[in-house]
1. Which order do the peptides 158-171, 41-54, 72-85 come out in when sorted by mean C-beta neighbours inside 10 angstrom, highest first?
2. What does the extension gain come out to for Glu173 and Lys39, with contour length at 0.36 nm per residue minus their alpha carbon separation?
3. With the crude spin-label approximation of a point 7 Å out along Cα→Cβ, what separation in nm comes out for Lys199 versus Gln71?
4. Please go through the residue pairs Lys46/Lys139; Lys95/Lys139; Lys34/Lys95; Lys46/Lys96; Lys95/Lys190 and name each one whose alpha carbons sit more than 21 Å apart in this structure.
5. Round to the nearest 0.05 the FRET efficiency obtained for Met64 and Val140 when R0 = 35 Å and r is the Cβ-Cβ distance.
6. Once the piece of chain linking Lys50 and Gln191 is laid out straight, how much longer is it, given 0.36 nm per residue of separation minus the C-alpha distance between them?
7. Given Cα pairs under 8 Å that are at least 6 residues apart, what percent is the relative contact order of the stretch 136-199?
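Every number in this text was worked out from the coordinates using simple rules, so none of it is lab data. Everything quoted here is computed from the prediction, not taken from an experiment. Methodologically, a virtual Cβ is constructed for each residue, glycine included, from the backbone with ideal geometry; neighbour enumeration extends over all protein chains shown.
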Amino acid sequence: MGAASHIRTSLYTKMANVEAAFKNLHQDLLDACKSGDQKAQFQIYKLYYKAMYNTSLRIVNDRMEAEDIMQESFLSAFEKIDTYSGTVSFGAWLKKIVINRSLDTLGRRKAVFEDIESHIGIRDESHEDVIRSEEVDVKVEEVKEAIERLPDGYRVILSLYLLEGYDHDEIGEIMNISSSTSRSQLSRAKQKLIMELRK
């Protein structure tokens with residue numbers, strides 16, 4: 001019994017150390033950012049700017065707008081860094097700011113998510129989570145290019161689901177729609193994407 005207890009304690013200690021190491025990744029820079037250290041802010045910027053730019057670009061589909069959104073998101077994050085609780089990674093927290101700003105930009109373009117509201121409550125019964133390779137034989141780059149050509153609503157839902165890895169509940173929360181609407185919109189977006197790839 002004593003040996004099992006010792007092994008369990010040792011295992012918990014190792015897990016706590018791994019968890020602490022994950023939580024403290026770049027923590028010194030984040031602490032410096034909280035005290036307004038501009039060098040630390042620049043270091044954080046260098047670590048995350050590419051990923052945040054790409055996230056925004058996939059949503060707004062405009063390089064200049066994505067650049068502006070990425071810059072504004074960092075400014076906003078550094079202004080609100082005291083509200084960062086550390087319950088999620090800093091990258092996930094920052095990405096949420098970028099996504100929200102990107103969606104706000106799309107909203108200002110008008111006619112965004114054109115048929116999301118008209119299809120509220122429709123369920124996707126297909127339960128398809130991926131485009132099957134037998135339907136379309138294409139390369140990843142061709143898929144990304146085809147996504148860029150889709151209307152905003154379809155492009156956003158595909159980007160959030162396929163490229164950013166959000167589930168339907170998270171997408172529903174981000175876009176202020178139900179998870180079933182997210183599913184049905186994703187299903188229609190996949191069909192549009194397949195049609196685009198077959199052209």
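1. 158-171, 41-54, 72-85
2. Separation in residues times 0.36 nm, less the Cα-Cα distance, equals 44.8 nm.
3. 3.2 nm
4. Those over the limit are Lys46/Lys139; Lys95/Lys139; Lys95/Lys190.
5. Result of the calculation: an efficiency of 0.90.
6. On the way: separation 141, 0.36 × 141 = 50.76 nm, distance 2.99 nm.
Contour length minus the Cα-Cα distance gives 47.8 nm.
7. Here the relative contact order equals 41 percent.
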